[in-house]
Amino acid sequence: MIDWSHTALTIGVILGGALTLAGLLIWVERRLLGIWQERYGPNRLGPGGCLQSLADMIKIFTKEDWIPPFADKAVFVITPAIVVITALMSFAVIPIAPSFVVSDLNMGVMFFLAMSSLAAYSVIIGGWASNSKFAFLGSLRAIAQLLSYEVFMGLSLMGAVLLAGSFNLSDIVNAQQHQWFVVPQFFGFLGFFMAGLAEAHRTPFDMPEAEAELVAGYHSEYSGMKFGMFFVGEYLSILLLSAMTVILFFGGWHGPWLPPVVWFVLKMAGFIVLIILIRATWPRFRFDQLLSFGWKVVMPLALINLLVTGGVVLWKAG
Amino acid sequence: MMNLWLYARNLIIGLWIVFKRTFTTPVTVQYPEERPYLPPRWRGRIVLTRDPDGEERCVACYLCAAACPVDCIALQATDNPAAQDRRYPEFFRINFSRCIYCGMCEEACPTNAIQLIPDFEQSEYARRNLVYEKEDLLISGTGKYPDYNFYRVAGVKTLDKDKGQAENECPPVDVRSLMP
Amino acid sequence: MEILFYIAAAVTVLATLRVITHVHAVHALLYLVVALIALALIFYLLGAQFAAALEIIIYGGAIMVLFIFVVMLLGPLAVEQERTWLTPGTWVGPGILALVLLGEVGYLIAVGDHLPNTVSETRQKGLSIALYGPYIIGVELASMLLLPGLIGAYHLGRRVSKESR
């Protein structure tokens, strides 16, 4: 029988933790970008400026929530919810520590992939419903990018799944007790991380919302809390990406001395810092480069990786 | 293949260079607590100065209003019968929401009355508060030119001196006389 | 669990009805996405977790995205024209056929108990072994079908150089 109180507590902790961290991440990103550009970043409100997101939230709540008269109203309003819901749903299968997981689903990896493919809708119909040129261009780019990157995201995951012999995320973590999967699955890790950056619209792949060319891409027309939802959704997907990378390739909660939760959070923090560092450093791809890189380089790499891994697993099994 | 390796290497080097910035101190000046040094000739807020005698320097010649590229200066001349019809501005208005702090007015001013001083903290919540009247602009000092007094060097007659009595000025020549 | 099934089934039926009757093509497609997600839930409740996940990933996430992509590119949607197309003359034929199917389903429900209540939980391992064992011909045929599609798409999307003209 399911222990309801335990489940409810876990849901509360993970939901609250994810949303708080996403809010905090906005400040962390601005602060780190500031430090790497030899300035301070927001450092006024609270110790070190850590309450900046709170001030931003108050501001964004009190702003005018404008729906363009030319927009498709119902779809326009639903869209921001899809981003946050799909991102938060994916957190349901993330095992933070042994038995510290909302739903230890057999199909954890597939569930994550399903949610990330549904998240594409927010971008697509958000850009379409805004009924403006830049938003539409942004959503067209997003579709092409998501379709090509979804494919090898799944493919590069499968190497880890093959090694662990299970789609269950807890099983995958437990299989890495002695050796992290990043060693045998290095190319799988590269492919997954790249695809994850593309899914989260982060810097080398942030074509759908390229500020310099498309204003803000698919969320140009959004304002007030609807824009805030898109923003929080983006940071939730960064959290999700780093959590999934840690689980699939970096041994999840395993580590010496410290308790499992601390190890998990530490590893996640490392990946978040890496993602922000990438944003601070690398320029944006050109769009055709992005697609040809995806299909011609990473896709064959992921396929070869999968083939070799499958061969090795079969050979070891005898 | 060689190129791909080169690209990857350069990307990683870029990451490392940016990461090294973590340990440098920011160049930002923390403004309200830490004031930046402003040179004396820094062009900031506009003031109207007085001459050493305490009279207004401005003679309402309109040159500043003519020189202003954004037309933010408005004034109207009138004269003071008590002081030998000495001209002065009846009102003098600068709209700082339009001012671009170019300093053209200062250069155009023949009497050094209008001056730009190193002060920039002019933020207001209401835009109308940025329209400065004469009483807001006029200061009691002489600004950057402490000894300069226009009426002491100009050849006009004032209450306490006649023509030809100003500094570095010769006595007036009788132009009707042809005597050498 | 049964109440979940009935809710999901009702959502599927209603969403599919809206797919047919909606005059706005993109809205109709969004209803189709909702129907697919509800269908995935039904699969999940019947124990076919793998099929449920694939339903969302492939149908909901990839194929419908492409559909919407194409419909979005078609430009201003001819809503009025759609309205004129949905005349009784066009839907009477399919409607009668669907009624026949509904009658069959009703008959099966009325006759009753020889339908399996729930499919036994299909594990992905069993599914894979079935796909690559007894059903290998089907998999190979499907992949042969996909290969000409791939080549055709490459041929259509190829950049024609000036020399070859």
Report summary line: The residue from A:Leu54, A:Leu45 that alone is part of a loop (DSSP other than H, G, I, E, B), closer than 28 Å to B:Glu33 by Cα and away from every other protein chain (no Cβ under 12 Å) is A:Leu45
Report summary line: Checked against (1) in contact with a helix residue (DSSP H, G or I) (Cβ under 7 Å, 6 or more places away or on another chain); (2) at pLDDT 85 or above, A:Trp295 satisfies every condition except (2)
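Quick one: in region A:1-59, of everything that is among the small types (Gly, Ala, Ser) and surrounded by 15 or more Cβ atoms within 10 Å (Cβ to Cβ), which residue is nearest to A:Arg279 (Cα to Cα)?
The residue in question is A:Gly34.
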**Report entry** First in region B:48-71 and over 16 Å from B:Glu90 (Cβ atoms), second anywhere and open to solvent by 70 Å² or more (accessible area, probe 1.4 Å) and modelled with pLDDT of 90 or more, Cβ under 6 Å, 6 or more apart
**Finding:** B:Ala67/B:Met104; B:Val70/B:Arg98; B:Val70/B:Ile100
**Report entry** Of residues in region C:53-71 being within 8 Å of chain A (Cβ to nearest Cβ) and crowded, with 20+ Cβ neighbours inside 10 Å, the one farthest from A:Leu105 (Cα to Cα)
**Finding:** C:Ile68
Requested in this report: Using the structure shown, decide if A:Val151 is in a loop (DSSP other than H, G, I, E, B), among the aliphatic types (A, V, I, L, M), modelled with pLDDT under 85 and on the phi < 0 side of the Ramachandran plot.
Outcome: no
Query raised in the report: Mind checking which residues of region A:6-41 are free of Cβ contacts under 8 Å to residues at least 60 places away in the same chain, in contact with a Ser or Thr (Cβ under 8 Å, 6 or more places away or on another chain) and within 14 Å of another protein chain (Cβ to nearest Cβ)?
Result: A:Ile35, A:Glu38, A:Arg39, A:Tyr40
Query raised in the report: Just checking, which of B:Asp162, B:Asp147, B:Asp119 is more than 13 Å from the chain's Cα centre (by Cα), part of a loop (DSSP other than H, G, I, E, B), within 21 Å of B:Pro40 (Cα to Cα) and not hydrophobic (A, V, I, L, M, F, W, C)?
Result: B:Asp147
Report summary line: The condition of being among the basic types (Lys, Arg), within 14 Å of chain B (Cβ to nearest Cβ) and over 24 Å from A:Ile85 (Cα atoms) holds, among A:Lys316, A:Lys296, only for A:Lys296
Query - Residue in region C:36-50 that is nearest to the other protein chains (Cβ to nearest Cβ), counting only those that are over 17 Å from C:Ala15 (Cβ atoms) and open to solvent by less than 40 Å² (accessible area, probe 1.4 Å) - result: C:Gln49
Report task. Starting from residues that are in contact with a Ser or Thr (Cβ under 8 Å, 6 or more places away or on another chain) and among the aliphatic types (A, V, I, L, M), keep the ones in region C:6-35 and report whichever is least open to solvent (accessible area, probe 1.4 Å). Result -> C:Ala35
Requested in this report: Mind listing whichever residues of region A:174-193 are touching a residue at least 60 places away in the same chain (Cβ under 8 Å) and touching a helix residue (DSSP H, G or I) at 6+ places or on another chain (Cβ under 6 Å)?
Outcome: A:Phe181, A:Val182, A:Gln185, A:Phe187, A:Gly188, A:Phe189, A:Gly191
Query raised in the report: How many residues does region A:279-293 contain that are free of Cβ contacts under 8 Å to residues at least 12 places away in the same chain, outside any helix (DSSP H, G or I) and within 12 Å of chain B (Cβ to nearest Cβ)?
Result: 0
Query - Only listed residue being closer than 29 Å to A:Pro42 by Cβ and among the aliphatic types (A, V, I, L, M), chosen from B:Ile17, B:Ile100, B:Ile13, B:Ile73 - result: B:Ile17
Query raised in the report: Hey, among the residues in region A:138-152 that are open to solvent by less than 10 Å² (accessible area, probe 1.4 Å) and farther than 12 Å from A:Glu199 by Cα, which one's nearest to the other protein chains (Cβ to nearest Cβ)?
Result: A:Ser139
Query - The one condition in (1) more than 29 Å from A:Leu33 (Cα to Cα); (2) touching a helix residue (DSSP H, G or I) at 6+ places or on another chain (Cβ under 7 Å) that B:Trp42 fails to fulfil - result: (2)
Query - Odd one out for A:Ala135 among (1) within 11 Å of another protein chain (Cβ to nearest Cβ); (2) under 30 Å from A:Ile78 (Cβ atoms); (3) crowded, with 20+ Cβ neighbours inside 10 Å; (4) aliphatic (A, V, I, L, M) - result: (1)
Query raised in the report: Across region B:25-52, what is the number of residues that are among the β-branched types (Val, Ile, Thr) and at pLDDT 90 or above?
Result: 3
**Report entry** Criterion violated by C:Thr122 - all others in (1) modelled with pLDDT under 80; (2) surrounded by 10 or more Cβ atoms within 10 Å (Cβ to Cβ); (3) under 19 Å from C:His22 (Cβ atoms) satisfied
**Finding:** (3)
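Across region A:72-131, what is the number of residues that are among the aromatic types (Phe, Trp, Tyr), in a helix (DSSP H, G or I) and more than 13 Å from every other protein chain (Cβ to nearest Cβ)?
Within region A:72-131, residues that are among the aromatic types (Phe, Trp, Tyr), in a helix (DSSP H, G or I) and more than 13 Å from every other protein chain (Cβ to nearest Cβ) number 1.
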Query raised in the report: Within region B:74-109, can you find the residues that are open to solvent by less than 40 Å² (accessible area, probe 1.4 Å), touching a residue at least 60 places away in the same chain (Cβ under 8 Å) and outside any helix (DSSP H, G or I)?
Result: B:Gly103
Query - Flag if A:Phe167 is without any contact (Cβ under 8 Å) to a residue 40 or more places away in the chain, open to solvent by 10 Å² or more (accessible area, probe 1.4 Å) and at the interface with chain C (Cβ under 10 Å from one of its Cβ atoms) - result: no
Requested in this report: Kindly check whether there is at least one residue in region A:271-278 that is more than 16 Å from the chain's Cα centre (by Cα) and open to solvent by 20 Å² or more (accessible area, probe 1.4 Å).
Outcome: no
Query raised in the report: Quick check, is A:Val123 surrounded by fewer than 20 Cβ atoms within 10 Å (Cβ to Cβ) and within 30 Å of A:Val77 (Cα to Cα)?
Result: no
Query raised in the report: Is it true that some residue in region A:173-190 is buried (at least 18 other Cβ atoms within 10 Å of the Cβ) and touching a Pro at 6+ places or on another chain (Cβ under 8 Å)?
Result: yes
Query raised in the report: Before we move on, is A:Ala74 of a type in the set (Gly, Ala, Ser), open to solvent by less than 70 Å² (accessible area, probe 1.4 Å), within 28 Å of A:Ser139 (Cβ to Cβ) and free of Cβ contacts under 8 Å to residues at least 12 places away in the same chain?
Result: yes
Query raised in the report: Only one residue in B:Gly143, B:Gly155 is of a type in the set (Gly, Ala, Ser) and buried (at least 16 other Cβ atoms within 10 Å of the Cβ). Which one?
Result: B:Gly143
Requested in this report: Might you let me know whether region B:53-70 holds any residue that is modelled with pLDDT of 90 or more, in a strand (DSSP E or B) and surrounded by 10 or more Cβ atoms within 10 Å (Cβ to Cβ)?
Outcome: no
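The values are calculated or read from the model by the stated rules, or taken from the named source; none is laboratory data. From a predicted model like this one, the values you see are computed outputs, not experimental measurements. No Cβ is skipped: glycine too gets one built from the backbone with ideal geometry, and neighbour counts run over all protein chains shown. Ligands, DNA and RNA are excluded from the accessible area calculation, which covers all protein heavy atoms including side chains. Shrake-Rupley method; radii C 1.70, N 1.55, O 1.52, S 1.80 Å.
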